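Below: one structure, written as structure tokens.
The values are calculated or read from the model by the stated rules, or taken from the named source; none is laboratory data. As the structure is a computational prediction, the values presented were derived from the model and not from experiment. SASA here: full protein model, heavy atoms, side chains in, ligands and nucleic acids out. Shrake-Rupley method; radii C 1.70, N 1.55, O 1.52, S 1.80 Å.
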Amino acid sequence: MNTAKRIHIIGSVASGKSTLARQLSSERGIPYYELDNVMWRRHPEGDSRNTEAHRSDILTSILNRESWIIEGVHYQEWMYKCLEEAELIIFLDTPKWKRNYRILKRYVEEKYGFKKGNYKQTLTMLRKMYGWNRHYEEQEKPIVMRILESYQYKVNIQKG
């Protein structure tokens, strides 16, 4: 991996984005940020969506830093600036079966307190995760691949 100081990691739910972001952050001494926490305001009683203006302010403050690692699965227009500003884009192309396993593993670890997560694990959330994973494979991944064509000179695809 190169010495980039502005890294964007993308991939499906449970592809390994957060794990890789934490690892690179530790190795390089660069802070990492989750796009989920830009998109959502976290509350003990549940999450609420940040306004477009607040989301933009948060993202701009991150992108204005000298170095950052951003990870996330959001492919809306508001995050294209991350792709443009990144020196390296890592696309985690993890097989669907492995992501399904990780979704279940995360559910068990967080539900029973072995690990802390960003949100409360429920059966409803577990079903949503599997649905997002299926939707990603069938519909989002081809879109992501088309988006990344414009940035292929700085894209590193990691099969996992």
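Some observations on this one:
- For the chain, the longest principal axis of the alpha carbon atoms and the long axis of helix 17-28 meet at an angle near 50°.
- Taking the C-alpha atoms only, the angle from helix 96-111 to the longest principal axis of the chain is near 60 degrees.
- Candidate residues TRP97, TRP132, TRP78, TRP68: accessible-area rank, largest first, probe 1.4 Å: TRP97, TRP132, TRP78, TRP68
- With protein chains left intact and a 1.4 Å probe, residues in the chain average 59 Å² of accessible area per residue.
- Mean-square fluctuations from a GNM of the chain, with a 10 angstrom spring cutoff on Cα atoms, peak among GLU85, GLU77, GLU52 at GLU77.
- Split the accessible area of the chain by element, probe 1.4 Å, and carbon with sulfur accounts for 51%.
- Residues LYS98, LYS116, LYS128, sorted by accessible area with the largest first, give LYS116, LYS128, LYS98 [1.4 Å probe; ligands and nucleic acids excluded].
- Accessible-area value, THR122, 1.4 Å probe, nucleic acids and ligands omitted, Å²: 50
- Pairs from LYS116/LYS159; LYS98/LYS128; LYS116/LYS154; LYS120/LYS159; LYS17/LYS116; LYS5/LYS115 whose Cα-Cα separation, in the structure shown, is over 24 Å: LYS116/LYS159; LYS116/LYS154; LYS120/LYS159; LYS5/LYS115
- GNM remark for the chain: springs join alpha carbons under 10 Å apart, and the peak mean-square fluctuation among ARG99, ARG22, ARG146 falls on ARG146.
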